[in-house]
Amino acid sequence: MNRNDPCRSSRNRKPGRLLLAAVLVPMMLIATSGTSCEGILPGTTLIVTAPTIDNDDVVLGDANAALIIFQYTNFECSACGLFARDEFAQIKTQYIDTGKVRWVFRYARLASQTDQAEKAFEAALCAADQNLFLEFHDETFANTNDLSDAALRTYADNVGVNLNEYDECIDGDTKLAKMNADADGLLDIAEAADPDISLQSPVYIIGDELTYGFKTADTLSEIIDRKLEE
């Protein structure tokens, strides 16, 4: 296992625990610079204990939706960016906007990420405080070549975030505990189901089934439709 793989994720400085692993996506699937991650075979899932929505989660969709999906993502994961740019809109239109699915965004920590990966998701959560998470998410995934503090602030400004409130949020470091809980909680869930699993980002928990790595909207739809019929 390559411990320098940019798509692997780990607990925060805690050795000896499950790590998110990755393999290379075929070159024709790579839409941006950097290494992409490819997941388990289409439709393959692992049964897990489903997480519950926290008060500080970023959630899209009807509170009465029949199915909850948790996506664990990272702005330095190119497979996450590929999904965000090319696939998520179809899922949103087909399932979230129609009231069938609630979609929860959570943070995945990559083992070899830079400090700016954490800063970018922190910035996204600060945008979420102003109900602009998705707008910031889309703007940032469209510009992952620059995740500097100045660039993140510009992306926030571009989507209408109040910069005074944004600066206070960033300076206060109030989102880091939530992010650590997201990342460590994911590994707890996966570890409990299969101690030998090697996860790849992004990770999706669809009801009580976990799948991971790059997935097209059509591949995810197969799992979602099956869960909605249960």
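Return yes or no: is Ile197 closer than 29 Å to Asp86 by Cβ, in a helix (DSSP H, G or I) and aliphatic (A, V, I, L, M)?
no
Read through the list (1) among the charged types (D, E, K, R); (2) within 29 Å of Leu228 (Cα to Cα); (3) surrounded by fewer than 14 Cβ atoms within 10 Å (Cβ to Cβ), then give the number of the only condition that Asp171 fails.
(2)
Could you tell me which of the residues Ile197, Ile189 is at pLDDT 95 or above and among the β-branched types (Val, Ile, Thr)?
None of the other options fit; the residue is Ile189.
When you check Lys119 against the structure, is it touching a Leu at 6+ places or on another chain (Cβ under 7 Å) and closer than 19 Å to Ile53 by Cα, yes or no?
No: the conditions fail for Lys119.
Taking the stated definitions as given, is Ser112 touching a strand residue (DSSP E or B) at 6+ places or on another chain (Cβ under 6 Å) and at pLDDT below 95?
No, not satisfied.
List the number of the failed condition for Ala177; all other conditions in (1) within 17 Å of Thr73 (Cα to Cα); (2) surrounded by 14 or more Cβ atoms within 10 Å (Cβ to Cβ) hold.
(2)
Quick one: how many residues across the stretch 54-87 are assigned to a helix (DSSP H, G or I) and surrounded by fewer than 21 Cβ atoms within 10 Å (Cβ to Cβ)?
Adding up the residues that qualify gives 2.
Return the pair list, or none, for Cβ contacts closer than 7 Å from residues in the stretch 60-84 that are free of Cβ contacts under 8 Å to residues at least 40 places away in the same chain to residues that are buried (at least 22 other Cβ atoms within 10 Å of the Cβ) and not in a loop (DSSP other than H, G, I, E, B), at least 6 apart or on different chains.
Ala65/Val101
So which of Asp138, Asp129 is modelled with pLDDT of 95 or more, under 30 Å from Leu46 (Cβ atoms), within 20 Å of the chain's Cα centre (by Cα) and among the charged types (D, E, K, R)? I'd like the intermediate steps shown before the answer.
Numbers: Asp129 fails: under 30 Å from Leu46 (Cβ atoms).
Step by step, each of Asp138, Asp129 is checked, and only Asp138 is modelled with pLDDT of 95 or more, under 30 Å from Leu46 (Cβ atoms), within 20 Å of the chain's Cα centre (by Cα) and among the charged types (D, E, K, R).
Looking at the stretch 209-222 only, could you name the residues that are buried (at least 21 other Cβ atoms within 10 Å of the Cβ) and either touching a Leu at 6+ places or on another chain (Cβ under 9 Å) or over 10 Å from Glu87 (Cα atoms) (or both)?
Just the residues of the stretch 209-222 that are buried (at least 21 other Cβ atoms within 10 Å of the Cβ), to begin with: 210-215, 220.
Selection gives Leu210, Thr211, Tyr212, Gly213, Phe214.
Only one of Asp188, Asp182, Asp157, Asp138 is buried (at least 19 other Cβ atoms within 10 Å of the Cβ) and assigned to a helix (DSSP H, G or I). Can you tell me which?
Only one candidate qualifies: Asp182.
If I filter the stretch 158-174 for residues that are charged (D, E, K, R), within 16 Å of the chain's Cα centre (by Cα) and modelled with pLDDT of 95 or more, do I get at least one hit?
Looking for residues that are charged (D, E, K, R), within 16 Å of the chain's Cα centre (by Cα) and modelled with pLDDT of 95 or more, one finds none in the stretch 158-174, hence no.
The values are calculated or read from the model by the stated rules, or taken from the named source; none is laboratory data. Everything quoted here is computed from the prediction, not taken from an experiment. Counting neighbours? That spans all protein chains shown, and the Cβs are built from the backbone with ideal geometry, glycine included.
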